[in-house]
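All remarks here apply to the structure that follows.
The values are calculated or read from the model by the stated rules, or taken from the named source; none is laboratory data. Every value quoted in this text rests on a predicted model; they were computed, and no experiment measured them. Here Cβ is always computed from backbone atoms with ideal geometry, including for glycine, and neighbour counts include all displayed protein chains. Heavy atoms of the whole protein, side chains included, go into the accessibility calculation; ligands, DNA and RNA do not. Shrake-Rupley method; radii C 1.70, N 1.55, O 1.52, S 1.80 Å.
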Amino acid sequence: MTRTVYVNGDYVPENDAKISVFDRGFLMADGVYEVTSVLDGKLIDFAGHAKRLERSLSELNMPQPACLPELLDIHRELVRLNGVEEGMVYLQITRGAPDDRDFVFPDPETTEPTVVLFTQNKPGLADSPAAKKGIKVISIEDQRWARRDIKTVQLLFPSMGKMMAKAAGADDAWMVEDGAVTEGTSNNAYIIKNNTIITRHLGNEILHGITRAAVLRFAREAQMKVEERSFTIAEAQEADEAFITSASTFVMPVIEIDGAAIGAGAPGPVATRLREIYLDESRKAAV
């Protein structure tokens with residue numbers, strides 16, 4: 001059985017889904033995206049993802065094709081049609097498909113945005129074996145464009161980073177710029193030292209993670225100390241714990257960086273507890 005996907009107002013079988021070869025997302029990575037997790041058949045942090053989507057579109061001067069209630073209805077309908085209990089909904093909006101390729105933005109009055117959504121079933125997403133044993137990361141030079149705060153579809157270098165990690169026998173890569181860690185290839189990066197959670201401050205250098213915001217809020221509510229600042233790979237290797245966050249990994253412990261074990265070389269108590277809190281609280285608020 002094939003999935004049902006959403007393309008420009010229609011729910012269609014995935015094999016019948018089509019967009020133009022002139023779509024600017026395909027030709028110029030002129031598009032933005034969001035990924036919302038699904039647990040127990042409900043959407044996690046949807047409002048946060050919708051708000052960031054609105055910001056990304058605004059930063060690229062791209063019209064918003066649907067209001068929040070409409071997007072929520074589309075997400076829910078795809079989850080229902082595809083019977084997703086645990087998984088994700090991927091949303092991509094591009095500037096559309098003008099009559100021909102051109103660097104100049106097409107007139108939004110005559111070229112409508114392209115809107116695509118699809119689901120991915122991920123059984124066991126919450127009870128991930130990787131979260132119990134932790135992951136290994138390597139460090140790489142951050143060679144992405146300068147506006148990483150906009151969640152665009154320009155993912156070539158993060159994809160290359162994933163492959164560098166795989167070639168090195170690791171699970172992911174942390175990117176480094178001017179001596180400091182920016183973030184992971186598809187996640188925000190954290191270390192824990194002396195019971196203080198340390199993560200890069202917000203700016204154009206990193207994506208403003210929706211899971212990041214929720215985890216830091218829950219940490220503060222649990223009376224955990226949080227410090228938003230830059231840190232180096234050397235500092236990370238001397239940390240007591242490390243972890244990443246994203247919509248698809250939630251809170252994932254990191255046990256090794258560039259071959260150096262972090263703390264005891266196993267998931268630590270703070271990251272483990274944060275994952276429990278995040279899953280519990282997010283399930284309560286899921287829509």
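If you go through region 267-287 and keep only what is assigned to a loop (DSSP other than H, G, I, E, B) and touching a Pro at 6+ places or on another chain (Cβ under 8 Å), you end up with PRO267, GLY268.
Has region 167-174 got any residue that is charged (D, E, K, R), farther than 18 Å from ALA130 by Cβ and open to solvent by 70 Å² or more (accessible area, probe 1.4 Å)? No, every residue in region 167-174 fails to be charged (D, E, K, R), farther than 18 Å from ALA130 by Cβ and open to solvent by 70 Å² or more (accessible area, probe 1.4 Å). Select from region 120-147 the residues that are among the aromatic types (Phe, Trp, Tyr) and either open to solvent by less than 80 Å² (accessible area, probe 1.4 Å) or under 25 Å from MET88 (Cα atoms) (or both) and list them in ascending order. Across region 120-147, there are no qualifying residues. The set of residues from region 80-122 being in contact with a Lys or Arg (Cβ under 8 Å, 6 or more places away or on another chain), within 18 Å of GLY9 (Cα to Cα) and hydrophobic (A, V, I, L, M, F, W, C) comprises ALA97, PHE118. With the condition kept exactly as written, say whether any residue in region 185-192 is without any contact (Cβ under 8 Å) to a residue 40 or more places away in the chain and farther than 30 Å from ARG283 by Cα. No, region 185-192 has no match at all.
Just one residue in the set VAL84, VAL89 is open to solvent by less than 20 Å² (accessible area, probe 1.4 Å) and either at positive phi or outside any strand (DSSP E or B) (or both); that residue is VAL84. All of ASP73, ASP40, ASP16, ASP45 fail the test of being open to solvent by 80 Å² or more (accessible area, probe 1.4 Å), closer than 25 Å to GLY87 by Cα and touching a residue at least 12 places away in the same chain (Cβ under 8 Å), apart from ASP40. Just so you know, in region 248-269 the residues that are crowded, with 21+ Cβ neighbours inside 10 Å and among the hydrophobic types (A, V, I, L, M, F, W, C) include one that is farthest from the chain's Cα centre (by Cα), and it is ILE262. Are there any pairs with C-beta distances below 7 angstrom linking a residue in region 267-283 that is within 21 Å of ASP40 (Cβ to Cβ) to a residue that is open to solvent by 70 Å² or more (accessible area, probe 1.4 Å), with the two at least 6 apart or on different chains, and if so which? Listed pairs, sorted by first residue: ARG283/ASP40.
Criterion first (surrounded by 15 or more Cβ atoms within 10 Å (Cβ to Cβ) and touching a Gly at 6+ places or on another chain (Cβ under 6 Å)) does GLY25 satisfy it? When the stated conditions are applied, GLY25 passes them.
One residue alone among GLU227, GLU238 is out of contact with any Pro (no Cβ under 6 Å at 6 or more places or on another chain), without any contact (Cβ under 8 Å) to a residue 60 or more places away in the chain, closer than 25 Å to MET164 by Cβ and open to solvent by 60 Å² or more (accessible area, probe 1.4 Å), and that residue is GLU238. Whether a residue is open to solvent by 20 Å² or more (accessible area, probe 1.4 Å), more than 18 Å from the chain's Cα centre (by Cα) and in contact (Cβ under 8 Å) with a residue 12 or more places away in the chain was assessed, and LEU78 does not pass this test.
With THR110, THR114 as the choices, which residue is more than 19 Å from the chain's Cα centre (by Cα), under 21 Å from LEU155 (Cα atoms) and β-branched (Val, Ile, Thr)? The conditions single out THR114.
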